[in-house]
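Student: My questions will all concern the structure given below.
The values are calculated or read from the model by the stated rules, or taken from the named source; none is laboratory data. This one's a predicted model, so the numbers in the text were calculated from it and none came from an experiment. Every residue, glycine as well, gets a Cβ built from its backbone with ideal geometry; the counts of neighbours run over all protein chains shown.
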Amino acid sequence: MELLPWLLGFVVKYPEIMASAACFLLLFCRFRRRSKRIPTNWPVVGALPAIVANAGRVHDWVTEFLRAAAMSHVVEGPWGSPGDVLITADPANVAHMFTANFGNYPKGEEFAAMFDVLGGGIFNADGESWSFQRRKAHALLSDARFRAAVAASTSRKLGGGLVPLLDGVAASGAAVDLQDVFMRLTFDLTAMFVFGVDPGCLAADFPTVPFAAAMDDAEEVLFYRHVAPVPWLRLQSYLKIGHYKKMAKAREVLDASIAELIALRRERKAADANATGDADLLTAYLACQDEIGMDGAAFDAFLRDTTLNLMVAGRDTTSSALTWFFWLLSNHPGVEARILAELRAHPPSPTGAELKRLVYLHAALSESLRLYPPVPFEHKAAARPDTLPSGAAVGPTRRVIVSLYSMGRMEAVWGKGCEEFRPERWLTPAGRFRHERSCKFAAFNVGPRTCLGRDLAFAQMKAVVAAVVPRFRVAAAAAPPRPKPSIILHMRDGLKVKVHRRQED
Ligand code: HEM
């Protein structure tokens, strides 16, 4: 009862406090009026509260707010941030940046500094260096002898490594982490075509391979650099602690492992100068040193950067794609049955020639990649100020992040039911693959920078499915695994599965 006179007295005594409270309430109401899903850019702290609250589910959070924000939204950092970020899943923006205006959207210095571990390799390169590396890598990766050698070595590794390993798991009845199995498999397969050696990461005792562990550590730091405040990263680097230290150690291991593999390859070449059997990429790069035009330490650095970039390109992407695919398959028995029937009709040989005929499997893999793209987001920065088709201005102080994960889940792009796993959406009524669908599909990037390993990746994934599905049934929990906040779409807690031999079903 005495509250009113007390309040009036307070207002008269402290008008400035009341004025501040009124301003805060006004601002609060103004920002709250927007869709609850769209993150608010608050004064001073920017979108930091929403970023912190959603850090553990970043890809799904971004998808939710992009749906509510017509596929693009600007996220501001706290005061002192170098600039804000436009997050988009709009295919028109993607076509503009990745294809029509490709020249204005280089990777840039900021990207190269963030991904410094990749050195001057193709992922970091721009301009002439990128064009040269791309031409060279394209020629080597599409060489018929190289492709035949990869098909043969993949077939040997699956028959002699993966199948016996899964057989043992099935016999023991124990659960296994399929994500770990696929990471080990693709590490070995990629090292085999990059360096010409099998590091044996997939052995039955699941050994720790320092090279593979260092790649995991480096990737963890790379993601951390995307989310941690810049002053904190600078302090860690000044004091040589935390993530800075982790990256330094990982680099040491990577450099030493790669130097050893290069030395091994050179020794083998010197011992048998006429050897023609080696079809790995390192041998091919060593053979064209004159064309590359480098020698001594510069050539060694080129080889280190090139082979590491190829290892990163091949290992994580393919293992991520396989893990999500097998989880989807275990929860879609109808799709699994159709794949099994197709594999029985066209059993693949070691040359891999029949893999092209597996159209339904191609559709199912594409559908899985749409929902779970192994590279979930990409950076772009405009060299000169520009306006995107969505109307957003971008430039030196406004970078762009394209969410490939969200792009595959936009109703505006894929129509109703876009969250369903339905391989049929990739097929014509006559059962042919609908290539035109691929233009809405950015899992392999689009435009001049599109993935150079797409065909190789499809061939390897099909070979794995053809080796596993007719022999084993993989059973996983139905609940969707949570994506790990990472630069690659791994599962946060791995994929625990039980493996059953098919004839015992
Ligand atoms: C399912 C498997 C794969 C997926 C989803 C995938 C996806 C991608 C994406 C999104 C990019 C663009 C990255 C960027 O611009 O930063 C890319 C680039 C690239 N990929 Fe793949 N990739 C896969 C497998 C492979 C394999 C097996 C190789 C073989 C070594 C490979 C080689 C490359 C190379 C060399 C580039 C750089 C192209 C350039 O910058 O011009 N990829 N890939």
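Student: Kindly list the number of the only condition in (1) buried (at least 18 other Cβ atoms within 10 Å of the Cβ); (2) in a helix (DSSP H, G or I); (3) touching a residue at least 24 places away in the same chain (Cβ under 8 Å) that fails for Arg57.
Tutor: Exception for Arg57: condition (1).
Student: Which members of segment 394-414 meet the condition of being assigned to a loop (DSSP other than H, G, I, E, B) and either surrounded by 15 or more Cβ atoms within 10 Å (Cβ to Cβ) or among the acidic types (Asp, Glu) (or both)?
Tutor: If the condition is that a residue be assigned to a loop (DSSP other than H, G, I, E, B) and either surrounded by 15 or more Cβ atoms within 10 Å (Cβ to Cβ) or among the acidic types (Asp, Glu) (or both), then Gly408, Arg409, Met410 are the ones that fit.
Student: Also: How many residues are within 16 Å of the ligand (Cβ to nearest atom) and of a type in the set (Gly, Ala, Ser) if we restrict to segment 389-421?
Tutor: So the count comes out to 3.
Student: Of (1) within 16 Å of the ligand (Cβ to nearest atom); (2) among the hydrophobic types (A, V, I, L, M, F, W, C); (3) closer than 30 Å to Arg502 by Cβ; (4) surrounded by fewer than 19 Cβ atoms within 10 Å (Cβ to Cβ), Ala479 satisfies all except one. Which?
Tutor: (1)
Student: Does segment 329-345 contain any residue that is of a type outside the set (Gly, Ala, Ser), modelled with pLDDT under 95, surrounded by fewer than 18 Cβ atoms within 10 Å (Cβ to Cβ) and over 20 Å from Ala475 (Cβ atoms)?
Tutor: Yes; the residues of segment 329-345 include at least one that is of a type outside the set (Gly, Ala, Ser), modelled with pLDDT under 95, surrounded by fewer than 18 Cβ atoms within 10 Å (Cβ to Cβ) and over 20 Å from Ala475 (Cβ atoms).
Student: For residues that are of a type in the set (Gly, Ala, Ser) and more than 11 Å from the ligand (Cβ to nearest atom), scanning just segment 96-128, find the one that is nearest to Val400 (Cα to Cα). Steps first, answer last, please.
Tutor: Taking segment 96-128 as the starting set, the residues that turn out to be of a type in the set (Gly, Ala, Ser) are 100, 103, 108, 112-113, 119-121, 125, 127.
Imposing the further condition that a residue be more than 11 Å from the ligand (Cβ to nearest atom) reduces the set to 100, 103, 108, 112-113, 119-120, 127.
Details: Ala100: 16, Gly103: 15, Gly108: 12, Ala112: 15, Ala113: 17, Gly119: 22, Gly120: 22, Gly127: 20 Å.
Among residues in segment 96-128 that are of a type in the set (Gly, Ala, Ser) and more than 11 Å from the ligand (Cβ to nearest atom), the one nearest to Val400 (Cα to Cα) is Gly108.
Student: If Ala337 passes every condition in (1) in contact (Cβ under 8 Å) with a residue 40 or more places away in the chain; (2) over 25 Å from Leu489 (Cα atoms) but one, which one does it miss?
Tutor: Among (1) in contact (Cβ under 8 Å) with a residue 40 or more places away in the chain; (2) over 25 Å from Leu489 (Cα atoms), the lone unmet condition for Ala337 is (1).
Student: Tally up the residues in segment 489-500 that are in contact (Cβ under 8 Å) with a residue 24 or more places away in the chain, surrounded by fewer than 21 Cβ atoms within 10 Å (Cβ to Cβ) and not in a strand (DSSP E or B), please.
Tutor: Selection size over segment 489-500: 1.
Student: Failed condition for Phe444, given (1) at pLDDT 95 or above; (2) within 14 Å of the ligand (Cβ to nearest atom); (3) touching a Lys or Arg at 6+ places or on another chain (Cβ under 8 Å), with all others met?
Tutor: Condition (1) is where Phe444 drops out.
Student: Here are the criteria: (1) among the β-branched types (Val, Ile, Thr); (2) over 18 Å from Ile339 (Cα atoms); (3) out of contact with any helix residue (DSSP H, G or I) (no Cβ under 9 Å at 6 or more places or on another chain). Tell me which single one Val402 does not satisfy.
Tutor: Against the list (1) among the β-branched types (Val, Ile, Thr); (2) over 18 Å from Ile339 (Cα atoms); (3) out of contact with any helix residue (DSSP H, G or I) (no Cβ under 9 Å at 6 or more places or on another chain), Val402 comes up short only on (3).
Student: Continuing with the same structure: How about segment 314-328: which of its residues are within 8 Å of the ligand (Cβ to nearest atom) and modelled with pLDDT under 95?
Tutor: Gly314
Student: Now a separate question. Residues to consider are Gly417, Gly391; find the one that is within 27 Å of Asp84 (Cβ to Cβ), without any contact (Cβ under 8 Å) to a residue 12 or more places away in the chain and either polar (S, T, N, Q) or outside any helix (DSSP H, G or I) (or both).
Tutor: Numbers: Gly417 fails: within 27 Å of Asp84 (Cβ to Cβ).
Only one candidate qualifies: Gly391.
Student: Still on this structure, I have one more. Looking only at residues in segment 35-54 that are assigned to a helix (DSSP H, G or I) and not small (Gly, Ala, Ser), which one is surrounded by the fewest Cβ atoms within 10 Å (Cβ to Cβ)? Talk me through it step by step, then tell me what you get.
Tutor: Of all residues in segment 35-54, those assigned to a helix (DSSP H, G or I) come to 48-53.
From what is left, the residues that are not small (Gly, Ala, Ser) are 48-49, 51-52.
On the way: Leu48: 18, Pro49: 13, Ile51: 17, Val52: 11.
Top of the filtered list is Val52.
Student: Further question on the same structure: List the number of the failed condition for Ile258; all other conditions in (1) surrounded by fewer than 11 Cβ atoms within 10 Å (Cβ to Cβ); (2) at pLDDT 95 or above; (3) aliphatic (A, V, I, L, M) hold.
Tutor: (1)
Student: Any residue at all in segment 423-431 that's at pLDDT 95 or above, away from the ligand (no atom under 14 Å from the Cβ) and in a loop (DSSP other than H, G, I, E, B)?
Tutor: No, every residue in segment 423-431 fails to be at pLDDT 95 or above, away from the ligand (no atom under 14 Å from the Cβ) and in a loop (DSSP other than H, G, I, E, B).
Student: Right, here's the next one. Taking the criterion of being of a type in the set (A, V, I, L, M), farther than 25 Å from Ala144 by Cβ and touching a residue at least 40 places away in the same chain (Cβ under 8 Å), would at least one residue in segment 283-297 satisfy it? Write out each step before concluding.
Tutor: As a first pass, look at segment 283-297 and keep what is of a type in the set (A, V, I, L, M): 284, 286-287, 292, 294, 297.
With the extra rule that they be farther than 25 Å from Ala144 by Cβ, the set shrinks to 294, 297.
Of the ones still in play, those that are also touching a residue at least 40 places away in the same chain (Cβ under 8 Å) are none.
No, segment 283-297 has no match at all.
Student: Further question on the same structure: Go through (1) over 20 Å from the mean Cα position of the chain (by Cα); (2) buried (at least 21 other Cβ atoms within 10 Å of the Cβ) one by one and return the number of the condition Val62 breaks.
Tutor: (1)
Student: Taking Leu456, is it in a helix (DSSP H, G or I), out of contact with any strand residue (DSSP E or B) (no Cβ under 9 Å at 6 or more places or on another chain) and within 15 Å of the ligand (Cβ to nearest atom)?
Tutor: yes
Student: Here are the criteria: (1) within 16 Å of the ligand (Cβ to nearest atom); (2) in a loop (DSSP other than H, G, I, E, B); (3) modelled with pLDDT under 95. Tell me which single one Ser438 does not satisfy.
Tutor: Exception for Ser438: condition (2).
Student: I'd like the full set of residues that are more than 10 Å from the ligand (Cβ to nearest atom) and in a strand (DSSP E or B), limited to segment 371-388. Can you show your working first?
Tutor: Narrowing segment 371-388 to residues more than 10 Å from the ligand (Cβ to nearest atom): 371, 381-388.
The answer is Asp386, Thr387.
Student: Something else about it: Failed condition for Leu355, given (1) within 16 Å of the ligand (Cβ to nearest atom); (2) modelled with pLDDT of 95 or more, with all others met?
Tutor: (2)
Student: Report every pair of residues separated by at least 6 positions or lying on different chains whose Cβ atoms are under 6 Å apart, first residue within segment 312-331 and touching a residue at least 40 places away in the same chain (Cβ under 8 Å) and of a type in the set (Phe, Trp, Tyr), second near the ligand (Cβ under 10 Å from one of its atoms) and outside any loop (DSSP other than H, G, I, E, B).
Tutor: Trp324/Ser368; Phe325/Ser368
Student: Pairs, please: C-beta under 8 Å, at least 6 apart or cross-chain, first residue aromatic (Phe, Trp, Tyr) and in segment 449-470, second more than 7 Å from the ligand (Cβ to nearest atom)?
Tutor: Phe458/Leu355; Phe458/His362; Phe458/Leu365
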